[in-house]
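Please read the structure below before turning to the comments.
The values are calculated or read from the model by the stated rules, or taken from the named source; none is laboratory data. Quantities reported herein were computed from a predicted structural model and do not represent experimental measurements. Cβ atoms come from the backbone with ideal geometry, glycine included; neighbour counts cover every protein chain shown. Heads up: the accessible areas ignore ligands, DNA and RNA and are worked out on the full protein's heavy atoms, side chains in. Shrake-Rupley method; radii C 1.70, N 1.55, O 1.52, S 1.80 Å.
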Amino acid sequence: MSEASDFLVIGHRGARGHAPENTLLAIDAGIRLGAHWVEFDVQQLGDELLLMHDLRLDRTTNGQGPLAEYTFEELRRLDAGQGQQIPTLQEALDLVDQRAGVNIELKTWGGCAAAVARVLRDYLADGWTAEQFLVSSFHLPELWEFRQLLPEVPVGALVCGVPLDWAGSAAELGAASLNVSDEFVDDKLVTDAHARGLKVYAYTVNHPDDMRRLRAQGVDGIFTDYPDRALALR
Ligand code: G3P
Ligand code: MG
């Protein structure tokens, strides 16, 4: 992965501290604030890939119930906050337009990896480089599937806890990074990940004191709702 700095600032769900999460507005805010990368969550619905964190629509849109029970057209009529539509992956990538790295988190399985790989192939053919992407997931078999389909694109293994084999599974996956919940950043986990050649990125870190502490612990970057706070630490 190419890095603009030694401490990567990754806008979380775009920059959800500044605009409705996983919308084009939030992604643009993240980039304008100076985030090196932007992260967003992607779910597959048939042939489409949509940016949405929850499986239910209720928290972030004016819709109700599971996203999977709606058609693409119905979902696109919803308000995802401040009049924003739920974006497609292609709309998000077109908006980024190589101005920042893109971390695509696979939130569904059983086809999501293949659908994302199909889209990224088009963007790679269009001039994006593999290192401008990081594909991640908590669903490690889905991430493994993605790796088989598009091995040149780096992947990040997401964990919310400390695995029994430390960073072993992430290394076995051929991951570039271990993306770990900030409350589980054990020094031994960081050491093990680094010994295996993996970066460590912590999510979701919004307080400057925590940003400083994690940086001092050797973490390579953070996901934050407030990229401006992380960049102001320098
Ligand atoms: O990818 C980092 C972070 O986004 C993972 O957790 O629940 O915010 O998608 P979540
Ligand atoms: Mg996420």
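Table for the structure above
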| quantity | calculated |
| --- | --- |
| Residue in the range 129-136 that is out of contact with any Pro (no Cβ under 8 Å at 6 or more places or on another chain) and acidic (Asp, Glu) present | no |
| Residue, most open to solvent (accessible area, probe 1.4 Å), within the range 90-143, restricted to residues that are within 16 Å of ligand 2 (Cβ to nearest atom) and part of a loop (DSSP other than H, G, I, E, B) | Trp109 |
| The range 191-233: number of residues that are among the aliphatic types (A, V, I, L, M) and more than 21 Å from Glu105 (Cβ to Cβ) | 5 |
| Residue that is surrounded by the most Cβ atoms within 10 Å (Cβ to Cβ) [pool: residues in the range 26-53 that are part of a loop (DSSP other than H, G, I, E, B) and within 16 Å of ligand 1 (Cβ to nearest atom)] | Ala35 |
| Some residue of the range 141-156 being small (Gly, Ala, Ser) and touching a Ser or Thr at 6+ places or on another chain (Cβ under 7 Å) | yes |
| Identity of the residue in the range 63-89, part of a helix (DSSP H, G or I) and over 15 Å from the mean Cα position of the chain (by Cα), that ends up surrounded by the fewest Cβ atoms within 10 Å (Cβ to Cβ) | Glu73 |
| Residue under evaluation Leu178, criteria (1) touching a helix residue (DSSP H, G or I) at 6+ places or on another chain (Cβ under 6 Å); (2) within 16 Å of ligand 2 (Cβ to nearest atom); (3) open to solvent by 70 Å² or more (accessible area, probe 1.4 Å), criterion not met | (3) |
| Of all residues in the range 198-227 being closer than 23 Å to Ser137 by Cβ and away from ligand 2 (no atom under 16 Å from the Cβ), the one that is surrounded by the most Cβ atoms within 10 Å (Cβ to Cβ) | Val200 |
| From the options Ala195, Ala230, residue that is among the hydrophobic types (A, V, I, L, M, F, W, C) and open to solvent by less than 50 Å² (accessible area, probe 1.4 Å) | Ala230 |
| Which numbered condition Cys160 misses (of (1) at positive phi; (2) within 15 Å of ligand 1 (Cβ to nearest atom); (3) open to solvent by 50 Å² or more (accessible area, probe 1.4 Å)) | (1) |
| The range 11-25 residues that are near ligand 1 (Cβ under 9 Å from one of its atoms), paired with ones that are part of a strand (DSSP E or B) and not aliphatic (A, V, I, L, M) (beta carbon under 8 Å, 6 or more apart) | His12/Glu39; His12/Tyr203; His12/Phe223; His12/Thr224; Arg13/Glu39; Arg13/Phe40; Arg13/Asp41 |
| Of all residues making up the range 164-175, the number that are within 17 Å of Thr191 (Cβ to Cβ), assigned to a loop (DSSP other than H, G, I, E, B) and in contact (Cβ under 8 Å) with a residue 12 or more places away in the chain | 3 |
